[in-house]
Amino acid sequence: MKSEIDRQQALALKNKGHTFKEISDVLGITYDATRNLCQYKKVMNPRKRGAKAKIMKKDCLCIKRAIARFTCSGEKITSPKIKEETHLNVSTKTVRRHMTRIGAKYKRSRN
């Protein structure tokens, strides 16, 4: 990959009206490299793939604390109980999935 200085020089020359061939001769790089420097913009904050996280870090901490409370009191750990205790606006399935991810064992409640 070419340096940022080459990119800036290539863009400055392109803005002045020079062709890719002329810019490549001035900078001493290939035609294709010049075209790539001028056409493709550097992405500063690339977007992550997949769905957005429904449970944030603070929610994760609340879930862990609720699990600790239930285990200390000897109650069964269920996702509806945790959802009710933490006042999360997600489904019980999402809570259950998160509990599995952090390694907490849960019992499904029978409704």
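Of all the numbered requirements in (1) closer than 30 Å to Arg101 by Cβ; (2) free of Cβ contacts under 8 Å to residues at least 12 places away in the same chain, Thr19 misses one, and that requirement is (1).
Here's the yes/no breakdown for (1) outside any helix (DSSP H, G or I); (2) surrounded by fewer than 17 Cβ atoms within 10 Å (Cβ to Cβ):
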{"site": "Ala10", "(1), (2)": "no, no"}
{"site": "Leu13", "(1), (2)": "no, no"}
{"site": "Gly17", "(1), (2)": "yes, yes"}
{"site": "Asp25", "(1), (2)": "no, yes"}
{"site": "Leu37", "(1), (2)": "no, no"}
{"site": "Arg47", "(1), (2)": "yes, yes"}
{"site": "Lys52", "(1), (2)": "yes, yes"}
{"site": "Cys60", "(1), (2)": "no, yes"}
{"site": "Lys76", "(1), (2)": "yes, yes"}
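Bear in mind that the values in this text are calculations on the coordinates, not laboratory data. Since the model is a prediction, treat every value here as computed from it, not as a measurement. Reconstructed Cβ throughout: ideal geometry from the backbone, glycine too, with neighbour counts over all protein chains shown.
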